[in-house]
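Working notes, beginning with the structure itself.
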Amino acid sequence: MNNIIQNTIQFVKEKLEGAEAGHDWFHIERVWKLSKKIAKSENCNLEVVELSALLHDIADPKFHNGNETLALKISREFLEKQNVDEEIIRKVLFVIQNISFKNRGEVPQDLPIELKIVQDADRIDAIGAIGIGRTFNFGGFKNNLMYHPDLKPQLNMSKDEYKKSNGTTINHFYEKLLLLKDLMNTVEGKKIAEERHDFMLIFLDQFFKEWNVD
Ligand code: ADP
Ligand code: NI
């Protein structure tokens, strides 16, 4: 492993000390590994993929009063200190800026392959058993309800409504998680997503069976 990657791992681990369990170092580690796995079937710049995967949640706006530029600032400062080429820095910052699900309406059409790879990896970690675990953890962290029979999922929320949403954790499956499989960019990403998607459907079936005690 090259030095810059090793230094980045160290930097991210320190920065994310004490983070919510769904957005901690282990989320980053999974996204990094998934990104490398997907990258094997794609023609891409692996340094950009790895650095973007490692830095993509360095300052998630939801945990920083909505600040959407802090992650870019922190990443640029770090990468400059590591003497990374300006061209690579720009590519990494572009991925970090455009990876988020809530920004999907604003992203340019012709995406670089490195963004497609890391976005798929981040979305894969949002679904399946890990995705279920992360979502309930986040819901608990926000003190949201698990489920309420009268609160229906809200599709087509604007970016602002999505950010402010205090909906139930089960609704989050219908508002985001179940949509991700069809948003995959790469063939390998789609393959992994499909298995995890099916597992969420089984989970939801069982959840409602157990909720509706008869
Ligand atoms: P991104 O970081 O790609 O913009 P989100 O902010 O929607 O994506 O969320 C990342 C993860 O945080 C989700 O996959 C989910 O696990 C959790 N999460 C976000 N919003 C909610 C919510 N309203 N209820 C439960 N979990 C959520
Ligand atoms: Ni992430």
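Taking the range 113-136, which residues are surrounded by fewer than 19 Cβ atoms within 10 Å (Cβ to Cβ), farther than 16 Å from residue 36 by Cα and touching a residue at least 60 places away in the same chain (Cβ under 8 Å)?
129, 130, 133
Please identify the pairs in which a residue from the range 160-180 that is over 17 Å from residue 104 (Cβ atoms) has its Cβ atom under 8 Å from the Cβ atom of a residue that is near ligand 1 (Cβ under 8 Å from one of its atoms) and assigned to a loop (DSSP other than H, G, I, E, B), counting only partners at least 6 apart or on another chain.
166/142; 166/144; 167/144; 168/144; 169/144
Name the pairs: first residue in the range 75-103 and more than 17 Å from residue 46 (Cβ to Cβ) and in a helix (DSSP H, G or I), second residue among the acidic types (Asp, Glu) and at pLDDT below 95, Cβ to Cβ under 9 Å, at least 6 apart or on different chains?
Between residues of the range 75-103 that are more than 17 Å from residue 46 (Cβ to Cβ) and in a helix (DSSP H, G or I) and residues that are among the acidic types (Asp, Glu) and at pLDDT below 95, the close pairs are 97/68; 98/106; 103/68.
Going through the range 20-44 one residue at a time, which ones are crowded, with 22+ Cβ neighbours inside 10 Å and either of a type in the set (Phe, Trp, Tyr) or out of contact with any Lys or Arg (no Cβ under 9 Å at 6 or more places or on another chain) (or both)?
Answer for the range 20-44, where residues must be crowded, with 22+ Cβ neighbours inside 10 Å and either of a type in the set (Phe, Trp, Tyr) or out of contact with any Lys or Arg (no Cβ under 9 Å at 6 or more places or on another chain) (or both): 31, 32, 34, 35, 39.
Could you list, in sequence order, all residues of the range 137-148 that are assigned to a loop (DSSP other than H, G, I, E, B) and either in contact with a strand residue (DSSP E or B) (Cβ under 6 Å, 6 or more places away or on another chain) or in contact (Cβ under 8 Å) with a residue 24 or more places away in the chain (or both)?
142, 144, 145, 146, 147
Select from the range 163-179 the residues that are in a helix (DSSP H, G or I) and either under 12 Å from residue 131 (Cα atoms) or more than 16 Å from ligand 2 (Cβ to nearest atom) (or both) and list them in ascending order.
164, 169, 170, 171, 172, 173, 174, 175, 177, 178, 179
The values are calculated or read from the model by the stated rules, or taken from the named source; none is laboratory data. Quick caveat: nothing in here was measured; it's all calculated off a predicted structure. Heads up, the Cβs are rebuilt from the backbone with ideal geometry, glycines too, and the neighbour counts pull from every protein chain shown.
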